[in-house]
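J.: Before we start, here is the structure in question, set down as structure tokens.
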2 protein chains.
Amino acid sequence: MADDRPNPSGEDALIARYFRPLATDPGAFGLLDDAAAVDARGEDIVVTTDAVVEGVHYLEGDPPDTIARKALRVNLSDLAAKGATPAGFVLTLALSGAETSWLTEFARGLGEDVKLFGCPLLGGDTVSTPGPAMVSITAFGRAPKGTMVHRSGAAPGDRIMVTGAIGDATLGLDILKGGATAAAMAGDPAARDHLISRYRVPQPRNALALPVRDHASAAMDVSDGLAGDLAKLCAASGVSAVIDAPRIPISDAARAVLARGAAGIERLVSGGDDYELLCAVPEARVESFAEAARLAGVALTAIGRVIAGTGAPRFLGADGAEIALKRLSYSHF
Amino acid sequence: MADDRPNPSGEDALIARYFRPLATDPGAFGLLDDAAAVDARGEDIVVTTDAVVEGVHYLEGDPPDTIARKALRVNLSDLAAKGATPAGFVLTLALSGAETSWLTEFARGLGEDVKLFGCPLLGGDTVSTPGPAMVSITAFGRAPKGTMVHRSGAAPGDRIMVTGAIGDATLGLDILKGGATAAAMAGDPAARDHLISRYRVPQPRNALALPVRDHASAAMDVSDGLAGDLAKLCAASGVSAVIDAPRIPISDAARAVLARGAAGIERLVSGGDDYELLCAVPEARVESFAEAARLAGVALTAIGRVIAGTGAPRFLGADGAEIALKRLSYSHF
């Protein structure tokens, strides 16, 4: 990102107005240079990148501040799962135009999250596109050398634990698309708003990053559905798992949707956009991890156990029978 | 980027097939995890991000291997200008589909450049878009702490130097778009191909990164046109400059276009996509810098001088009169 005083182009004026205030790290050089410098302080720089596309990962009419927050938070969620503390990010913004009101709200939401998560803007690129808008973020975190938490590392006997609640976001999306959940929840605006908000603005669990590093044998964030992401973690670790489905944490709003028959548990565990943490935790570490989560104010629930084997994880219902999952996760392709 | 053995989605199969071979750095974890780790080795990590959009930065029918190369090279060019050596990159690929032939060629071109520039793939994200394709790359370089070269730092008396030749790419684009250059060069296929190739596949000057760090007081790459980018460098440094236009290095092909009247020098210095290095070099360093460029096999030309003042840089013709520039650079907005 660059300034161009003698001949301010649209891009440069845009950067100066909306994004320079977010570039609080000295390594961003006020967005006046062609690159940023991350001082690694002798640690590993953990790098993750995730993009959100209009009409695919968010809806055209979504409030711009929530689009900005989601774009940053899906990356922060990856850093949390890897046990890294946020160090900053670069932003690529592809827009078909640059409406002042949209950009103002986008930058406001982003700026608030920059402060909230201590993750300053380091640089970026704004490009014109004739197509749908796209926000691509590459985020950086720090972790002591070699301590990044991997998908691999889970061992038979480890407890499977998740943060927060599972399935809200996919129900929120269903409401926004006018699906069965919308009709079922028409009379309950509070639950409806809760589910929509969980789709639009994930709550990344960065407060748990250090405990994840200290206690988890493997971790990832749940972005494409609990079942599919657990299958990925198990595959990377060369293990399988059994999940006690009634133990999967579900919000009151999602429970109401289930009670009204608008969705089943399969939908909740295969829907995407949860952005909760999925961890394998050795038995001896479970109590310390749970205590750390309590101190951080993050809900943490044990939902099953890692077992030997290479089959897909099984989800067992209250009756002990396996729940059939038609698909494990959501794929945009 | 992630693997998903029990339930291979389109994205995961795509990553395994096309991109895992490019992820040669141990910090990429074979693209099997949610993040990569860059070992900073006690240095600064220099970060830059640039995106290319179909129909904006490259043309729909462009060969896929050249699209990949351009997307990586525009970032490598930034690293070179900042005096940083490549450490790796993350790739976000937004596609409306994933045609095997397109991806095969894209990955082949990218893989060749990964080897050529020693810049391995560390991770990425593939997303679906209903719009034009977009390739967004965030690249990382290493530089000893505090040695990144900035746009600021140029001082009155410094020589202005550029690598390679200026203006080829904008003429190549004009040919591809069927402009005046196409007609003028119809009888000279070699020159025509040279200009098109310079548009499609920039030659980043990474071989000069260390000499830039050792000798330049300020530097940036020329991506939006020499005149506009020089104005940016001068503004960041609080100086102005005088350029001796006849000294601006121009290829034989571009010279032929000028001779046939299809474009003027104004076009060459305000067109984009050169991806040459623009440096301010203190007089005492000029000879050492030139010698380093000779050793590296990179053409380097002194084209003017930094002067005190804050006005836009002036370009003087052979008669000493100022050349009027209607616009300094290209803006997509």
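J.: What does the net charge come to around A:Gly83 if you take all other residues with beta carbon closer than 15 Å to its beta carbon, with K and R at +1 and D and E at -1?
T.: For residues surrounding A:Gly83, the net value is 0.
J.: Which one of A:Pro204, A:His215, B:Ser101 is farthest out on the positive end of the charge dipole of the protein assembly as shown, using unit charges on Cβ (Lys, Arg +1; Asp, Glu -1) and the Cα centre as origin?
T.: Of A:Pro204, A:His215, B:Ser101, it is A:His215.
J.: Next question. When only C-alpha pairs under 8 Å and at least 6 residues apart count, what is the relative contact order of chain B, in percent?
T.: 22 percent.
J.: Counting other Cβ atoms within 10 Å, which GluC sites (Glu not before Pro) in region B:88-191 have at most 16 and lie in a DSSP loop?
T.: For GluC sites (Glu not before Pro) across region B:88-191 that sit outside H, G, I, E and B with at most 16 neighbouring Cβ atoms in 10 Å, the list reads B:Glu99.
J.: Restricting the calculation to Cα positions, tell me the Rg (one decimal) and the Dmax (whole number) of chain B in Å.
T.: In order Rg, Dmax, the Cα atoms of chain B give 20.5, 72 Å.
J.: Sum -39500 (n - 2.57) across every DSSP H segment of at least 4 residues in chain A, then divide by the residue count to get the 222 nm mean residue ellipticity, nearest 500.
T.: -10000 deg cm²/dmol
J.: Using C-alpha positions alone, give me the convex hull volume of region A:171-210 per residue in cubic angstrom.
T.: 63 Å³
J.: Oh, and also: Among the residues of chain B, which one places its Cβ closest to the rotation axis that maps chain B onto chain A, and what is that distance in whole Å?
T.: Axis-proximal residue of B, distance in whole Å: B:Gly131, 1.
J.: With +1 assigned to the C-beta of every Lys and Arg and -1 to the C-beta of every Asp and Glu, and no other charges, what is the dipole magnitude of the protein assembly as shown about the Cα centre in debye, to the nearest 20?
T.: Rounded to the nearest 20 debye, it is 400 debye.
J.: Next question. Quick check on region B:49-122: what does the Kirkwood estimate of hydrodynamic radius come out to from the alpha carbon pairs, in Å?
T.: Mean inverse Cα-Cα distance, inverted, gives 12.8 Å.
J.: Additional query: Kirkwood hydrodynamic radius for region B:95-187: how many Å is it when counted over pairs of different Cα atoms?
T.: 18.4 Å
J.: Let me ask another. Treating only the Cα positions of region B:10-143 as identical point scatterers, give the base-10 log of I(q)/I(0) from the Debye formula at each q in 0.15, 0.23 Å⁻¹.
T.: Rounded to two decimals, the profile gives -0.66, -1.53.
J.: If packing is taken as the average count of other Cβ atoms within 10 Å, what order do B:264-274, A:238-248 fall into, highest mean first?
T.: B:264-274, A:238-248
J.: In straight Cα distance, which aspartates and glutamates are under 13 Å from B:Lys326, not counting same-chain residues fewer than 8 positions off?
T.: B:Glu266
J.: Leaving out same-chain residues fewer than 8 places away, which aspartates and glutamates sit with a Cα under 12 Å from that of A:Lys232?
T.: Reachable aspartates and glutamates: A:Asp221, A:Asp224, B:Asp3, B:Asp4, B:Asp12, B:Asp33, B:Asp34.
J.: Moving to a separate point now. In debye, nearest 20, what is the charge dipole magnitude of chain A about its Cα centre with +1 on Lys and Arg Cβ and -1 on Asp and Glu Cβ, if you could check?
T.: Here the size comes out at about 800 debye.
J.: Based on the alpha-carbon set only, what is the convex hull volume of region B:243-333 divided per residue, in Å³?
T.: Enclosed volume per residue, from the Cα hull, is 141 Å³.
J.: Then there's this: Place +1 on the Cβ of every Lys and Arg and -1 on the Cβ of every Asp and Glu in region A:95-195, take the dipole about the Cα centre, and give the residue among A:Ala186, A:Gly124, A:Pro144 whose Cα lies farthest towards its positive end.
T.: Result: A:Pro144, furthest along the dipole toward the positive end.
J.: Which of rounded, prolate, oblate describes region A:189-241, given a ≥ b ≥ c as roots of the alpha-carbon gyration tensor eigenvalues and a/c under 1.5 marking rounded, otherwise prolate only if a/b is larger than b/c?
T.: Cα axes put region A:189-241 in the oblate bin.
J.: Dipole magnitude of region A:159-316 about its Cα centre, charges +1 at Lys/Arg Cβ and -1 at Asp/Glu Cβ only, in debye to the nearest 20?
T.: Roughly 120 debye, rounded to the nearest 20.
J.: Hey, another quick one. Under Stokes-Einstein, with the Kirkwood radius over Cα pairs standing in for Rh, what whole-number D in µm²/s applies to the protein assembly as shown at 10 °C and 1.306 mPa s?
T.: 61 µm²/s
J.: Report, for B:Leu116, each distance to the same residue's label point in the other copies, shortest first and in nm; define the point 7 Å along Cα→Cβ.
T.: List, nearest first: 4.4 nm.
J.: Every other copy gets compared here: list the nm distances from the B:Ala190 label point (7 Å along Cα to Cβ) to its counterparts, shortest first, one decimal.
T.: Values, ascending and in nm: 8.0.
J.: Mind ordering A:148-161, B:74-87 by average Cβ neighbours within 10 Å, highest first?
T.: Packing order, densest peptide first, comes out as B:74-87, A:148-161.
J.: Shifting gears a bit: Reachable lysines from B:Lys115, Cα under 16 Å, same-chain residues fewer than 8 places away excluded?
T.: B:Lys70
J.: Count charges around B:Lys326 for me, please; just the other residues with Cβ under 11 Å from its Cβ, Lys/Arg as +1, Asp/Glu as -1.
T.: Summing Lys/Arg as +1 and Asp/Glu as -1 gives +1.
J.: Which residue, chosen from A:Leu173, A:Ala302, A:Ile265, occupies the Cα position most advanced towards the positive end of the dipole of region A:159-316, where the dipole is computed from +1 (Lys, Arg) and -1 (Asp, Glu) charges on Cβ about the Cα centre?
T.: Farthest towards the positive end: A:Ile265.
J.: State the volume of the convex hull built on the alpha-carbon positions of region A:159-316, expressed per residue in Å³ and rounded to an integer.
T.: Value for region A:159-316: 98 Å³ per residue.
J.: Once each part is reduced to its C-alpha centroid, what is the distance from region B:172-236 to region A:214-256 in angstrom?
T.: Result: 50 Å between the Cα centres.
J.: Moving on to the next point. Just order B:199-210, A:49-60 by mean Cβ neighbour count inside 10 Å, highest at the front, would you?
T.: Those peptides, ordered most packed to least, come out B:199-210, A:49-60.
J.: I want to check the label-to-label distance for B:Arg108 and A:Arg260. Put each point 7 Å from Cα in the C-beta direction and report it in nm to one decimal.
T.: With each label point 7 Å from Cα toward Cβ, the separation is 5.5 nm.
J.: Another one. Sum up the charges of everything whose Cβ sits under 15 Å from the Cβ of A:Arg285, counting Lys and Arg as +1 and Asp and Glu as -1, but leave A:Arg285 out.
T.: -1
J.: Follow-up. Using only alpha carbon pairs under 8 Å that are at least six residues apart, calculate the relative contact order of region B:159-316 and give it in whole percent.
T.: Contact order relative to length: 45 percent.
Every read-out reported here was derived from the displayed coordinates using simple, explicitly stated rules and does not represent laboratory data. Predicted model, so just to flag it, every value in this text is computed and none were measured. Please note: Cβ atoms are built from the backbone with ideal geometry, for glycine as well, and neighbour counts cover all protein chains shown.
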